1. Across segment 209-243, which residue is modelled with the highest pLDDT among those that are hydrophobic (A, V, I, L, M, F, W, C) and more than 25 Å from Leu49 (Cα to Cα)?
2. Pairs only if they're at least six apart or on different chains, beta carbon under 7 angstrom, first in segment 178-204 and at pLDDT 75 or above, second assigned to a helix (DSSP H, G or I) and of a type in the set (Val, Ile, Thr); list them, first residue then second.
3. Which of (1) over 33 Å from the mean Cα position of the chain (by Cα); (2) open to solvent by 60 Å² or more (accessible area, probe 1.4 Å) is the odd one out, the single condition Asp579 does not satisfy?
4. Being of a type in the set (Ser, Thr, Tyr) and in contact with a strand residue (DSSP E or B) (Cβ under 9 Å, 6 or more places away or on another chain) is the filter here, so list the residues in segment 636-675 that pass it.
5. Consider Val423 against the criteria (1) modelled with pLDDT under 85; (2) open to solvent by 60 Å² or more (accessible area, probe 1.4 Å): it satisfies all of them except one. Which criterion is unmet?
6. Which ones in segment 97-113 are assigned to a loop (DSSP other than H, G, I, E, B), open to solvent by 60 Å² or more (accessible area, probe 1.4 Å) and either among the aliphatic types (A, V, I, L, M) or farther than 16 Å from Asp76 by Cα (or both)?
7. I'm checking my understanding of the structure. Among residues of segment 122-139 that are part of a helix (DSSP H, G or I) and out of contact with any strand residue (DSSP E or B) (no Cβ under 7 Å at 6 or more places or on another chain), which one is surrounded by the most Cβ atoms within 10 Å (Cβ to Cβ)?
8. Which residues, counting only those in segment 30-61, are in contact with a Ser or Thr (Cβ under 9 Å, 6 or more places away or on another chain) and farther than 20 Å from Phe206 by Cα?
Amino acid sequence: MEDLKLLPRHTRDFASAAYWERFFRERGERAFEWYGEWQKLRTPLERYLRPRDSILVVGCGNSELSEQLYDEGYQDIVNVDISEVVVKQMQERSACLRPKMSYLVMDVLQMEFPDERFQVVLDKGTLDALLTDEEEATLDRVQKMFAEIGRVLQFGGRYLCVSLAQAHVLKASMEYFSREGWMVRIHQVSGNEGSTSEGQFALPIFVYVLTKIRHTPGSALCILEMCTEKQDKPVRFESTDHLIEAVKERQQYALLRNQLNKNSSAGSISLDLCSKDTGQARYTLHVVHNLAVKVSRDNRFAIFIIPQGRETEWLFGTEEGRKQLAASAGFRRLITVALHRDQHYEDMGTIQAELSEKVMELSPPDLPAQQQVPFLSVGGDIGIRTIQHRDTSTLSGEYVIEDVKGDDAHYFRRLIFLSNRNVVQSEARLSSRAPHKGNKKHRKKKRAASSVPAELTAAPASQSIDKSYLCCAHHRAMVAGLCLLKNPECLPEALIRVLVIGLGGGSLPLFIHDYFLQCCIDVVEIDPAMLEMATSWFGFSPGDRLKVYIADGLVYISSLAAEAPASYDVVMFDVDSKDPSLGMSCPPSAFVEKSFLQKVRVLLKTEGTFILNLVCRNSLLRDDVLATLKEAFPVLYARRIEGEVNEILFCQPQTKHKLSPVDLRETAQILEKALRQPGQTWDSTYVLADMLEAVRLV
């Protein structure tokens, strides 16, 4: 605590001689170590020091580093500092024990040495102390310091600067020395070596190795390299921006490790690991703690590789799901690893080799050094993901159509908006197809090489969709809600009209069209690119009973409510918001305003039903939406979808046919029985009553 009293009121005082005079006078002869002693910094520094080198230590303070270097055999050392107090202290301390070493009072901005006097300039914290901000006067002082260091160094000499590499410090130094044509290499001091006698730094410590090279006129070549704490071989960068970004990533990684080690009960912690070749995100890691369950000593830490294409599932894609996964796996700390699209992965062994070093840095501090850490997955493989199509919509942005392998050997086609890449916008199951005729051995080789099932590559996209299967649980719940219409046993043959706002891949309106044989469906979609996408890739096909209108749903309903009230038996909202930052990603907020909901009610027939897919993470906003719905629709049922954020709301304008939740489930059973007609394909997993199992009256 005494040292805290010595800290200046303003960071700019670090550059003041008066401050350092007071600091060393009040501190006395106790050594003050910025960023560690010689033993802590030995590994990166001794690669660039030779016993015969003439070494200048700038801003030496009362650090023991010079004394430790001298005792190691580096005896041609000159130390300078701006503080007369500390220079006198150090002269007295070393006069007898280290007679060849000298201490001088000197300003590093204006040194009195001749040109090219030294082979090494060593700086431990002086640059950080001088470069406290980005004001013009500060930058001018640092430019003078750099120029003086360059003047007194011989060609081939090294400026070794130990620094925390704060953003403005790193930027100023990298830009100056790369512009001057020096060779730039940055070493990260390892986590254990980065400690100091004054405490622990959360940020890692770096050593800039800046080598003065004779400038060749017309040469623009500048060598920029970095060595991480675990990587002795330097990695080369094309620009200072890329090098600075690499340092920033190491700092963020160190902060994460520090956070984990200090607080094992920390909330959701995640980071991306990027490809060293492209710089694109290659892996997303989530660190999950399982503190509620006692585990054995051998089950402290594990890594779980999420198969490709399954990162959007509740178990892997939500914090609650990952906690359940960690509890089921029985490990205290579990790291889940999601594999990114547009990246190539050979197999589980290759991924394990690529990740081992990084993930071990995130292991619990009490993990025994030699303990084996298991890599887990589903079924032992990395899954299959094939991008079939990529395009850009002016309204929805960039999107991809991808085929992925599910956990039951089925394949699924998905629509993903890359602006929200962890959310499946639409999904359809692909039909099973027999492999094409041909040489069996050849087919197996082809499949292994492409990582895509033969039936997917061979079949036209529009013919491979299983239209009898609704992948999304919220779509199944919306279909189950049709039992609220009167006489559910007659609905498959009844003349009913349905309005669906939001097309997506078209699975919901297509299913209703195929199973409710007299139903007429109007779909309103604002984005024409979605209609083209659904038709080309999801087997959607408009017809006499299934029409699509490219329009704004708000305008369409407002106009139709005025011109043709009581037009529909059912209105469904399954439309996403383009601004998920509002806390409600489905529907857009304008769709649940009271004045607009009144228009929806006008559009419904007297005994009609309004069904809304609500995705709202803000509990207060959700309560407001439900209250507004109740004002427009006296009867309101709610059904939360297990393992998802979706909540399906069933709204009716009249109370005379209000059913209890039990009666509602029985009515759903009647509807399902009517739908299971001879000649109709009905998936055995469909139980409409189950989709209303947890329904409640609001």
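The values are calculated or read from the model by the stated rules, or taken from the named source; none is laboratory data. Quick caveat: nothing in here was measured; it's all calculated off a predicted structure. Heads up, the Cβs are rebuilt from the backbone with ideal geometry, glycines too, and the neighbour counts pull from every protein chain shown. Protein only, heavy atoms only, side chains kept; ligands, DNA and RNA dropped before computing areas. Shrake-Rupley method; radii C 1.70, N 1.55, O 1.52, S 1.80 Å.
1. Taking segment 209-243 first, the residues hydrophobic (A, V, I, L, M, F, W, C) are 209-210, 213, 220-224, 226-227, 235, 237, 243.
In the following step, the residues that additionally are more than 25 Å from Leu49 (Cα to Cα) were identified as 220-221.
Details: Ala220: 58, Leu221: 68.
The extreme case among them is Leu221.
2. Pairs that qualify, where the first residue is at pLDDT 75 or above and the partner is assigned to a helix (DSSP H, G or I) and of a type in the set (Val, Ile, Thr), are Ser178/Thr240; Ile186/Val247.
3. In the conditions (1) over 33 Å from the mean Cα position of the chain (by Cα); (2) open to solvent by 60 Å² or more (accessible area, probe 1.4 Å), Asp579 misses (1) alone.
4. Taking segment 636-675 and keeping what is of a type in the set (Ser, Thr, Tyr), we get 637, 655, 660, 667.
Scanning segment 636-675 gives Tyr637, Thr655, Ser660.
5. For Val423, the exception is condition (2).
6. Just the residues of segment 97-113 that are assigned to a loop (DSSP other than H, G, I, E, B), to begin with: 97-101, 106-113.
In the following step, the residues that additionally are open to solvent by 60 Å² or more (accessible area, probe 1.4 Å) were identified as 97, 99-100, 107, 110, 112.
Within segment 97-113, Leu97, Asp107, Gln110, Glu112 qualify.
7. By that ranking, first place goes to Leu130.
8. Listed by number, the list holds a single entry, Ala31.
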